[in-house]
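For reference, the structure discussed in these notes is given below.
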Amino acid sequence: MKKLFFVVLFLSAFSSLFGQTKRDTLLVGYTTAAPFIIQEGELLDGINVWLWNRVAEELDLEYKMVQMDFSTMLDSLRQGNIDVSINPLTITGARSKQMEFTHSFFASHSTIAVAKSSSLQKLKNFLDAFFHVNFLRGFLVLFFILLFFGTLIWLFEKRSNPEHFRTSLKGIWDGLWWSMVTVTTVGYGDKAPKTRLGKIAALGLMFSGLLFVSGLTASIASSLTVNQLADNTDSFDAFKKRSVGTVNRSSANDFLKAHFFKDISLYNGVIPGLTDLREEKIDAFIYDEPILQYRIKKDSSLNELELLPIKFDVQFYAFGIAKNNVELEQKISQAILEIMETQEWGVVLAEYGLSEI
């Protein structure tokens, strides 16, 4: 009898140490992520809070809300210290190995937040692009071409055509003026060569000037385009060489690493990252579009920031469930599907400026 008692006691202790204990009251982890989870004092609001309350009501679930930062919440869910995370978690292959996911209830993209450029800054960027070193070099070469042919035409014409090209050194200015008028095709006709050598020199200027000016024009256009792309880009690739920020352990961070972004600053939340962006400590902040859009719109201190018209890295949001708790995941997924089929779901999304998938 004593042996049986010790066996039962050993099995009970083993089960408590290594078995998965089901709690009567679910521990639900969350961190603020407006408009999905909004916290004002002790008041919780937002799309996911509303959705979870409806799910818990339909399934008659008892639960306790536990606030924590994003990284701690993921670790707690992976270790089974909490049962559910109601944050808008992006479904990824790596996360699926560590936790269960409910049915997705919203689709989103990543985007880029940057500081707005003032009119003065835009003008400065334009002038920097226009007076690019390659443009200045080309302009200097063009000036020497004009001066060379202007001097040459003066030497050929000063004796036979003094009324157009003065015999004194002032005639060099006459030749320079003629060469500029010729290359730009203005054609005033106030000065023109009369001698054979002068006309041959004019032909040389016309052909060489035509080719060089075309190349210079293309160089200017290229310089303006390249600098504009570098300063106000419509592609996230241009930010690979810049300092960017995102939320630590987010799917956006995984995306940036996979696409070879080097200078990445990690934050525990959106607000610290956007604050550093406003203070020009980073060049851009990359994260989920609906969260960035809502935060910038609602926070007057972030009016100097804007979102670029860029969408990439499509994401599907879902609730996270502790690993192997498949029964709970299936019940919650079914409830989410039924709620999404109601008109009320669309109304809730519209209230926060979003639309259905």
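The values are calculated or read from the model by the stated rules, or taken from the named source; none is laboratory data. Nothing here was measured: the structure is a model prediction, and the numbers come from that model. Quick reminder, even Gly has a Cβ in these numbers, built from the backbone with ideal geometry, and neighbours come from all protein chains shown. Note: areas computed on protein heavy atoms with side chains; ligands, DNA, RNA excluded. Shrake-Rupley method; radii C 1.70, N 1.55, O 1.52, S 1.80 Å.
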query = Computed over the Cα atoms of segment 276-357, what is the ratio Rg over Rh, Rh following Kirkwood?
reply = 1.08
query = Along segment 207-214, what does the Karplus equation 6.51 cos²θ - 1.76 cosθ + 1.60 (θ = phi - 60°) give for ³J(HN,Hα), rounded to whole Hz, x for Gly and Pro?
reply = 6, 5, x, 4, 5, 6, 5, 4
key: Heavy atoms of Glu338 accessible to a 1.4 Å probe, total area in Å² rounded to 10   = 90
ask   = Using r as the Cβ-Cβ distance of Val141 and Lys194, and R0 as 30 Å, what FRET efficiency do you calculate, to the nearest 0.05?
value = 0.55
inquiry  = Strictly over 27 Å apart at the Cα level, which of Lys170/Lys199; Lys64/Lys323; Lys116/Lys298 would you flag in this model?
reply    = none
message = Bin width 10 Å, origin at 0, all Cα-Cα pairs of segment 226-349: what percent of pairs per bin?
response = 11, 34, 29, 19, 7, 0
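Note down the relative contact order for segment 229-357 as a percent, whole number, built from C-alpha pairs under 8 angstrom at least six residues apart.
Value for segment 229-357: 20 percent.
Go through Lys97/Lys240; Lys262/Lys331; Lys97/Lys257 and tell me which ones have a Cα-Cα distance over 31 Å in this structure.
Details: Lys97/Lys240 29 Å; Lys262/Lys331 42 Å; Lys97/Lys257 20 Å.
Checking Cα-Cα distances, Lys262/Lys331 exceed 31 Å.
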request  = Quickly rank 324-332, 93-101 as a protection proxy: mean count of other C-beta atoms within 10 Å, highest first.
outcome  = 324-332, 93-101
ask   = Once the Cα gyration tensor of segment 63-104 is diagonalised, what are the square roots of 5 times its eigenvalues, in whole Å and ordered largest first, as equivalent ellipsoid semi-axes?
value = 16, 12, 10
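Just to make sure I understand: if all protein chains stay in place, what is the order of Leu146, Leu210, Leu203 by accessible area at 1.4 Å, largest first?
Working: Leu146 15, Leu210 115, Leu203 90 Å².
Order by accessible area, largest first: Leu210, Leu203, Leu146.
Determine, from the Cβ-Cβ distance of Ser214 and Ile264 and an R0 of 51 Å, the FRET efficiency 1/(1 + (r/R0)^6), rounded to the nearest 0.05.
Working: r = 43 Å, r/R0 = 0.84.
In this case the efficiency is close to 0.75.
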